[in-house]
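The values are calculated or read from the model by the stated rules, or taken from the named source; none is laboratory data. From a predicted model like this one, the values you see are computed outputs, not experimental measurements. No Cβ is skipped: glycine too gets one built from the backbone with ideal geometry, and neighbour counts run over all protein chains shown. Note: areas computed on protein heavy atoms with side chains; ligands, DNA, RNA excluded. Shrake-Rupley method; radii C 1.70, N 1.55, O 1.52, S 1.80 Å.
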Amino acid sequence: MRGEEKRDFAGMIKMVTTKYDNLFGTSFPYSSGIHQRPTDGEEHAGWHFHMSFYPPLLRSATVKKFMVGYEMFASPQRDITAEQAARTLAQLPTEHYSKMDGH
């Protein structure tokens, strides 16, 4: 990534992790990983990287579900769909809960 892309990528990670913290008003633990294109020296123009987040907090700050290996890359068992989770996160503020009034 070039300089501007690195800055933008860092900003996106900050926005996502802030929304995770804002979801239940607590420091939100997560595992994450980046899948990148092959590094075999060949050109792989159709490949790009993507980042995955695996948060253990599902319904509240006190209900935790830590995924194990097969769930991370197979078919996680969830109470809600990815689309429902995306709608919920999209509605949260991008300012961290600890900096808002009342905290």
Report task. Could you please let me know if SER75 is small (Gly, Ala, Ser), over 28 Å from LYS6 (Cβ atoms), surrounded by 10 or more Cβ atoms within 10 Å (Cβ to Cβ) and at pLDDT below 85? Result -> no
Query raised in the report: Just for region 1-22: of the residues that are under 12 Å from the mean Cα position of the chain (by Cα) and aliphatic (A, V, I, L, M), which one is farthest from PRO56 (Cα to Cα)?
Result: MET12
Report task. Determine, yes or no, whether PHE66 is at pLDDT below 80 and over 19 Å from ALA86 (Cα atoms). Result -> yes
Query raised in the report: Quick one: how many residues across region 78-103 are at pLDDT below 85, exposed (fewer than 11 other Cβ atoms within 10 Å of the Cβ) and of a type outside the set (Ser, Thr, Tyr)?
Result: 5
Requested in this report: Under 8 Å between Cβ atoms, at least 6 apart or on separate chains: pull out the pairs that start in region 13-27 with a residue that is within 18 Å of ARG87 (Cβ to Cβ) and open to solvent by 30 Å² or more (accessible area, probe 1.4 Å) and end on any residue that is in a helix (DSSP H, G or I) and of a type in the set (A, V, I, L, M).
Outcome: VAL16/LEU89; LEU23/LEU89
Query raised in the report: Considering region 9-31 alone, what residues qualify as being assigned to a helix (DSSP H, G or I) and closer than 17 Å to GLN91 by Cβ?
Result: MET15, VAL16, THR17, THR18, LYS19, TYR20, ASP21, ASN22, LEU23, PHE24
